[in-house]
1. When only Cα pairs under 8 Å and 6 or more residues apart are kept, what is the percent relative contact order across chain A?
2. Just to confirm a number: summing +1 for Lys and Arg and -1 for Asp and Glu over residues other than B:Cys197 whose beta-carbon lies under 9 angstrom from that of B:Cys197, what do you get?
3. Could you tell me the convex hull volume per residue, in Å³, taken over the Cα atoms of the stretch A:119-185?
4. Averaged over peptide B:181-191, how many Cβ atoms belonging to another chain are found within 10 Å of each residue's Cβ?
5. By how many nm would the segment from B:Ala349 to B:Glu153 grow when fully extended, if each residue of separation counts as 0.36 nm and the alpha-carbon distance is taken off?
6. Please give, to one decimal in nm, the separation of the simple spin-label points placed at A:Phe193 and B:Asp184, each 7 Å out from Cα toward the Cβ.
7. Under the definition of Cα pairs under 8 Å and six or more residues apart, what whole-number percent is the relative contact order of the stretch A:112-270?
8. List the residues of the stretch A:89-113 whose backbone N lies under 11 Å from a point placed 7 Å from the Cα of A:Glu32 along the Cα-to-Cβ direction.
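Bear in mind that the values in this text are calculations on the coordinates, not laboratory data. Bear in mind the structure is a predicted one, so any value in this text is a computation, not a measurement. Backbone-built Cβ (ideal geometry, glycine too); neighbour counts: all protein chains shown.
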Amino acid sequence: MTMKNIKKLSAAVCLCIIVFLSVSLTSFAQSEMPRLVDGADLIAESSENVLLAKLDEISERQKVDVVIVTTDSLDGKTAEAYADDFFDYNGYGFGENYDGILLLVSMENRDWHISTCGYGIKAFTDAGIKYISGKFLPSLSDGDYYDAFNTFAGLCDEFITQAKTGKPYDVGNLPKEPYNALLSLVIAVVAGFAVAAIVTGMMKKQLKSVKSQYAADSYVLKGSMVINDSKDIFLYTQRSRREKVKDDDSGGSGGSSTHTSSSGRTHGGDGGKF
Amino acid sequence: MTSPIEYKCPSCGGGITFDSSQQRMKCPYCGKLFDIQTLEDFNSQLSNELGDDMNWENSAGSEWTEEETDGLKSYVCKSCGGEIVSDENTAATSCPFCGNPVVMSDKFSGSLKPDLIIPFKLNKEDAKKALNKHYMNKKLLPKVFKSKNHIDEVKGVYVPFWLFDSGAYANIRYKASKVRTWSDSKYEYTETSFFSCFRSGSLRFENVPVDGSSKMPDDLMESIEPFNMSDAVGFNTAYLSGYLADKYDVDETQSIGRANKRIKKSVESAFEDSVIGYTTVNPESSNVRLSESRVKYALYPVWILNTTYKKKKYTFAMNGQTGKIVGDLPLDKAAYNRWFWLLTAFSGAAAYLATYLIWLWLL
């Protein structure tokens, strides 16, 4: 065997190993469950397929599982435990850290919960989850489940993309609200009237110059003031206290809070009622 | 047996009683507690209070001599009733107050001879220049008013003033407070301590002027103050040459009220300046007594111009000594509306752009 052949062979072996590894890693991340499990049957079949395709596309592209689960019963668990367990025991999550995010909607007591894992914890901070839930909750409460889930999926995509720049959306760094043209117009009109009123008010004031004197200060004989008696006595004290206004931005430091699920994995997330 | 002293609550004025459980004086109405010493001090402050005494000794003006009145002419305006005086070499043709023709009355008569006069320092040219300047840079002044301003008709008039000299003795009680704030983890605390501050002392006023002519609006005359008394000289009819003089028709007793009011305000604020170290200071009671008071009758130099615009009378006055000029001007309603809507449109558009730029860069 020549040196040339040895080189070729080892190159081929290396390639084989790389291909094998990548295939096994990919299959490792694959779950037997679909990324949309509509247990409570909240959305129509046709919409379901569209939504599933969207979730699959985002998940594969971002290498972070984005999962939506609906259920009629939490089986006696808390929403948090149900969401964590559903994620852990159904094999969701990419890579060795099980990167992913799961939205659980339970119709039992109208609970919703977002559970994050692995890279999902980093990409979806507490402030970020608050922001996302603020966006989809109105639709969820109204019963527009497809809209709510679609919004959720879109925002997840956006948040993961942002996190990959190294600066995940967090306190002080949340996505921009769209430009509110109507509100801006109202502000502009009010500001316009205010400026006009102030400026024309000043112009009007230029026309006025007649004013009675208030006192006779300019006729005080300089140095004529004598104080004969001066006494200050303390009378009483009034004390009042006011409860401090709680800062709404209590999580001002940002980041994600985490807990450990029944499987021993670390999860982040938040939830509530809708 | 001595009758018990009744103490009043310094906070609400209610009758106060001794609270045996607290061993202090307690107000049954507002619940505040006081030491007896505090209430005694407060009562002694209250007993210092006397009523205002603002009477004046009156000795203003003097009688004219025959020689003096011989050289003077008196005019009466048939339209507004104004009476003006000039020397025999100055002919008055129109009334400085209303612009209508005046007629000479038979003989100069009555009223007092002024004690003092401040001669004119600024001439008619100065007055015209000042008036032109007064019209300048006023965007809402009607253009027509500027062009038809009758500036040539500005007249130099000696306006009668009563001058009040007096020492003012004051007993003033102020209620003052100090505010202290601090906070712990749960609450923000505000502590307000109240004090009663008594001041007694004196202050002297000289030459507080009150307009003695009913034809001259008081606010207009107060607006061109102050006149500088260092230029005042003893009255002599020679100063009237070339000018008109107004005779007083509001006497000194009618004018005292205005002088007293201004003096009292100045006394209160002067003593208030000595109440220091507090967050708020408000006078609660003040008594001002005047003594060694004197009234003088003086003529002050004023350039005046009366014009009518759209059936409304506008009067301008310039201090003939310092050049200070005042006079309210008419408003051009059309110009006002134009400016208002243009400004609204432009600043509104600018604000709209600003909100967009803020959204673009800052949010």
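1. 22 percent.
2. Values: positive: A:Lys231, B:Arg173, B:Lys175, B:Arg199; negative: A:Asp232.
The answer is +3.
3. Values: hull volume 7.0 nm³, N = 67.
Dividing the Cα hull volume of the stretch A:119-185 by its residue count gives 104 Å³.
4. Values: counts 1, 0, 3, 2, 1, 3, 5, 6, 4, 5, 5.
That works out to 3 on average.
5. Working: separation 196, 0.36 × 196 = 70.56 nm, distance 4.69 nm.
Contour length minus Cα-Cα distance gives 65.9 nm.
6. Computed distance between label sites A:Phe193 and B:Asp184 equals 4.8 nm.
7. Numbers: 117 pairs, mean separation 71.2, N = 159.
Relative CO of the stretch A:112-270 lands at 45 percent.
8. Inside the label zone: A:90-91.
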